[in-house]
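Values quoted throughout were computed directly from the atomic coordinates according to the rules given, and no laboratory measurement underlies them. Just so we're clear, the structure is a prediction, and the values are computed from it rather than from any experiment. Please note: Cβ atoms are built from the backbone with ideal geometry, for glycine as well, and neighbour counts cover all protein chains shown.
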Amino acid sequence: MRLIDRIILTLHMFISLAFAVGLIVLSSGLVPVDKMTPWLAMLPGRWELVLGGAIFFALSVRLLFAAFGGKKARQLLIATSDDGAVTMQLDALEALLESMAKNTRGVKRVRVRIEQVEEKLQVNMRLDVTPECSLPEASRWLKERAREQLLHIVGFELGRFDLAVRGITMEDKQKNRVE
Amino acid sequence: MEDKELTGASPEQEDVGAVKIADEVVSIIAGLAATEVAGIAGMSGGLVGGIAEMLGKKNLSKGVKVEVGEKQAAVDLYVIIEYGSRVPDVAIRVQENVKRAIETMTGLEVVEVNVHVQGISFSEADKGEERVR
């Protein structure tokens, strides 16, 4: 379960809990309905309640989407044998290469896309760099690391490696202030 | 929970009774056998598994789907592997361990164990910064 889905699920459960408590309180008569009427009369026209309802609706749809729908996960068939098949989700490999690239000095905001082409894997990497990053060295480094990781982890050779530098970011410079 | 009745008893043992094994039991055996293998960080449970864990229920059959017949079983495992492990090697060990565990404990013939790797788990030590040379 992805982290964002866990966070959404937690928020959704707290909101649902509040609704459930409200429903129990109202229907059991713990709070007289006539005391609720002035409050209910204030609801129309409250933009913040509309916003809250819309957010709750969006959270619910997101959870339904995560549970029952969404894009079919792209799978890589690694091996088959008499004992069964071994597959791996391509987005797990993509996350691995993104993590590897992000931990490389001078490389920021990485997005990776992997496709299987015949018996090899094709990698498309898009990233931002900082001003001090040497692009030829970085691209060689990233390509070699990607080749090593794919061969070691899933046993597939790297086919084509496309690297696109989207832009230059000044993040590192902003962090390192001279005192 | 659906129970499956084993009908492999010999004629002279029929009066002893029948052995029933719930599907969830086979799932738990498979899940435990899979997580024992070095290189497996855990099982991937998806949204339903996440809800169950949030409610405090330890789900030993998380990430496991089984199809149990009268004498055979097929297993699908959804796993997360540790960074640095080779998927083909780990998967073979998982298949062997799960098959052995189910066949030993239940007597069912395991016809296939499919391993689906859903993610890779990093330890803190694996997240160090690398330098470009």
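By how many nm would the segment from residue A:43 to residue A:59 lengthen if fully extended, with 0.36 nm per residue of separation less the alpha-carbon distance?
Going from the current span to full extension adds 3.6 nm.
Relative to the first principal axis of the alpha-carbon coordinates of chain A, what is the inclination of helix A:47-68, with its axis defined by its Cα atoms, in degrees from 0 to 90 and to the nearest 10?
50
Specify the angular offset, from 0 to 90 degrees and rounded to the nearest 10, of the alpha carbon long axis of helix A:135-153 from the longest principal axis of the alpha carbons in chain A.
Result, in degrees: 80.
Other chains' Cβ within 10 Å of B:105-117 residues: what's the mean? The partial results should precede the final answer.
Details: counts 0, 0, 0, 0, 0, 2, 3, 6, 5, 6, 8, 7, 11.
Neighbouring Cβ atoms belonging to other protein chains average 4 per residue here.
Taking the convex hull of the Cα atoms, report for the range A:88-175 its projected area averaged over all directions, in nm². Could you put the intermediate results ahead of the total?
On the way: hull surface 21.4 nm².
With the hull built on Cα positions only, its mean projection is 5.3 nm².
Work out the FRET efficiency for residue A:11 and residue B:16 from their Cβ-Cβ distance, taking R0 = 45 Å, and round it to the nearest 0.05. Before the final figure, lay out each step's value.
Working: r = 54 Å, r/R0 = 1.21.
Computed FRET efficiency for residue A:11 and residue B:16: 0.25.
Evaluate the relative contact order of the range A:10-111 (contact order divided by residue number), counting alpha-carbon pairs under 8 angstrom at least 6 apart; express in whole percent. Please list the in-between numbers first.
Working: 41 pairs, mean separation 13.0, N = 102.
Reported as a whole number, the value is 13 percent.
Under 10 Å, Cα contacts only: if you run a Gaussian network model on chain A, which one of A:91, A:82, A:162 comes out with the highest mean-square fluctuation?
A:82
Measure up B:20/B:62; A:108/B:62; B:20/B:99; A:143/B:65 against 28 Å on the Cα-Cα distance and list the ones that go over.
On the way: B:20/B:62 22 Å; A:108/B:62 35 Å; B:20/B:99 19 Å; A:143/B:65 37 Å.
Too far apart for the 28 Å limit: A:108/B:62; A:143/B:65.
Per residue, how much space in cubic angstrom lies within the convex hull of the C-alpha atoms of chain A? Could the numbers behind the result be given before it?
Values: hull volume 42.0 nm³, N = 179.
Looking at chain A, the number lands at 235 Å³ per residue.
Give, to the nearest whole percent, the P(r) tail of the range A:5-105 beyond 16 angstrom, counting all Cα pairs. Walk me through the numbers on the way to the answer.
Values: 3864 of 5050 pairs.
In whole percent, the long-distance tail amounts to 77.
Given the options A:80, A:130, A:169, which has the most mean-square fluctuation in a GNM of chain A, springs set between C-alpha atoms less than 10 angstrom apart?
Top of the fluctuation ranking is A:80.
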